[in-house]
1. Between A:ASN118 and A:GLN55, what is the label-point separation in nm under the 7 Å Cα-to-beta-carbon projection?
2. Normalising by the residue count of segment A:42-112, find the relative contact order in percent from Cα pairs under 8 Å and 6+ residues apart.
3. Can you give the FRET efficiency to the nearest 0.05 for B:ASN207 and A:SER135, using r as the Cβ-Cβ distance and R₀ = 51 Å?
4. Summarise the partner chain shielding of B:178-188 as one whole number: the mean count of Cβ atoms from other chains within 10 Å of each residue's Cβ.
5. B:LYS204's amide H: which non-local residues (gap 5+, or another chain) put their own amide H closer than 5 Å, with H modeled 1.01 Å from N in plane and none for Pro or chain starts?
6. Kindly state, to the nearest 0.05, the FRET efficiency for A:GLU103 paired with B:GLU68, given R0 = 51 Å and r defined as their beta-carbon distance.
7. Please compute the average number of Cβ atoms from other chains found within 10 Å of each residue's Cβ in peptide A:79-85.
8. What residues qualify as long-range amide H neighbours of B:GLU161, i.e. H under 5 Å apart, gap of 5 or more or another chain, H built at 1.01 Å from N?
Amino acid sequence: MYMRKILSIAFLTLAALAWFRAESQNRPEPGATLESLQVLLGLFAESSKNSGNLQTLIARLESLNYEPVVVTDQNSDTGSLTFVRTNRPPLGTRYFHAQYFEEHRPQHLSVEFQSGSNALELVAGEISRVFPAASLVEESNHFRKWRLDDDYLIWIKRLQAEDLPTVQESPFNAYGAEDIGAIQITLEESIGHD
Amino acid sequence: MQQSSSYKWSSQSFVFITAFFICSLSVYADVPRLRGYLEYVICSPEYAYAKAIPVQRFDGPTVQMKWEQGPVFLTEVKLKESGDQPSLWVPQDLLVLGSQCPEADWMPSAVDTAALQPAYVFPALQRTTASYKTGQRAFGARRGGGTRSHAACDLYRVKDEAVVSVGAGKIIRDRYFFYEGTYAIEMKLADKRVVRYGEVTGRKAANVSLNKSVKKGQIIGYIGKVSSNCCEPMLHFELYKGNLSGSLTQSGNKFSRRADLIDPSKFLTDLEKDKFGTSY
């Protein structure tokens, strides 16, 4: 008899906790978006330094309660590629994405920041603050690129209407017309045309 | 009476301690390392095992709960390649990685060895708009102010034009972020060489996915363009002997690539002559 009571109380407690969690996830906290950006750029900075290995990143995302998802794609020819995403991005950001070919250094880190009248300038200012040694190598109305060191670049791009058909082909992120103006932020290994 | 109240108190404590313990476990448990490609599927015949992308919004995660003989958590998704179609809400526990839903035909397909005959074709549909053997497009061209060398031949073409497989083989790595908003696909040829098709768009070509065999000349991707204004739309073509294993991007040499990287210029020139009767 007591056991049934205990079990039903336990069930109700857990259901209430789950309900509260779902509800609290949907409740925005105004003013938290700049802080979210600062935390994520801080994570980018840590990860692109020697100390920033994959396990450290996962632990940091977990401690921040972002609910990391880790998926490793492995084959016998070109080794492993580990993706890290988060199920619970901080307010004002979304689509955190990391790729690691080697556990000790990321190949790619990206996230998106919400649109706003001066969102590109806001993000650019935070990048200059978090990466004081970064040198700006390209600038246009909707795009900026900085060289961080010999190994990494960081670039930001304001999503334009003409970009929609391309980004809607993304295998990882979903987009709609309401996303025009969002800021893509990417830190990646310098393996390209620079 | 006193005994009974103390018993009640301790049973309530037990419930709350147990609930707290379960919640703590969920917070501190190690993040599991899943296997497979980062692609989700709605694992239910009701949804035709559709491929989907979880939607994230800037003002918070997209989770809802409804009550159907108990709590059911729903998550917002967009079906892949649905463009501007509205998103839909599906039960959270049905949205899994493709590798966790064998019913959805996500298991690696057997390679059709009969189709794997060594024969090759130029990867672009038309002649490139500039030589891939000169300037910044050439293999070995300076990069990073001289700290690196270019690891590929850049085949300038038109954005969104198809890229075809140079030979029969198998997709060993599906699309991943490569450089400035473009993607890469890795393929093993029947002769064991490995090709990385870089700077393609995220668009999925029909019948191309991880571990699937592809035929010579089959469309495997589409020409992309990087976010900056540095260059024209192109295919960045890397070729490896295939006698080593491990990541294709590696530090330790001037190309920042695996040591079995080879110059694809001659290979491409021969294919270009075969296809167009002339070459750069």
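Just so it is clear, none of the values below were taken in a lab; they were calculated from the coordinates. Source: prediction; values computed, not measured. Using ideal geometry, Cβ is built from the backbone for each residue, glycine included, and neighbour counts are taken over all protein chains shown.
1. 4.4 nm
2. Dividing the mean separation by the residue count of segment A:42-112 yields 29 percent.
3. Numbers: r = 45 Å, r/R0 = 0.87.
After rounding to 0.05, the efficiency reads 0.70.
4. The shielding value for this peptide is 5.
5. For B:LYS204, no residues qualify.
6. Efficiency, rounded to the nearest 0.05: 0.75.
7. 5
8. Distant-sequence amide H within range of B:GLU161: B:ILE223.
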